[in-house]
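Here is the structure we will look at, set down as structure tokens.
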């Protein structure tokens, strides 16, 4: 099975410029109609031993991939991997590594309150700051940027 790139190259070699023009027109039309959905971020459920057992049950009794299990249960695929490969979250041991990490994160979140004012950043003090005129920092213009069409 030839790739689209190989097919296009074969059309060029054969001198089929009309076919190449049609292919380019199809590409442009597809770009207009194609919508790219934003990446779906899974807001994970709280991991519990029951959920971990459900993950193992699905993994052992079905041919589902880790990604499919994660999607069905509404959790992150990395969590499925941790349960399947390392047996995490299978017990409710408060001394387990996961429980300690969770408790540390919860205590950090309690300390940081959203109503606290942001900590101001210290500004660097320049010698004779009033005498020295500020220079505007302009970003260099990069005109050699590549696009996907350069490779097609």
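The values are calculated or read from the model by the stated rules, or taken from the named source; none is laboratory data. As the structure is a prediction and not an experimental result, all values here were calculated from the model. For neighbour counting, all protein chains shown are included, and Cβ atoms are generated from backbone atoms with ideal geometry for every residue, glycine included.
Observations
- Looking across region 52-70, the residues that are in contact with a helix residue (DSSP H, G or I) (Cβ under 8 Å, 6 or more places away or on another chain) and in contact (Cβ under 8 Å) with a residue 24 or more places away in the chain come down to 52, 55, 56, 59, 70.
- Test: residue in region 23-30 that is outside any helix (DSSP H, G or I) and either modelled with pLDDT of 85 or more or out of contact with any helix residue (DSSP H, G or I) (no Cβ under 7 Å at 6 or more places or on another chain) (or both): no
- When residue 47 is tested against (1) in a helix (DSSP H, G or I); (2) modelled with pLDDT under 80; (3) farther than 30 Å from residue 148 by Cβ, only condition (1) is not met.
- Set 104, 88, 122: member being at negative phi, surrounded by fewer than 10 Cβ atoms within 10 Å (Cβ to Cβ) and at pLDDT 65 or above: 122
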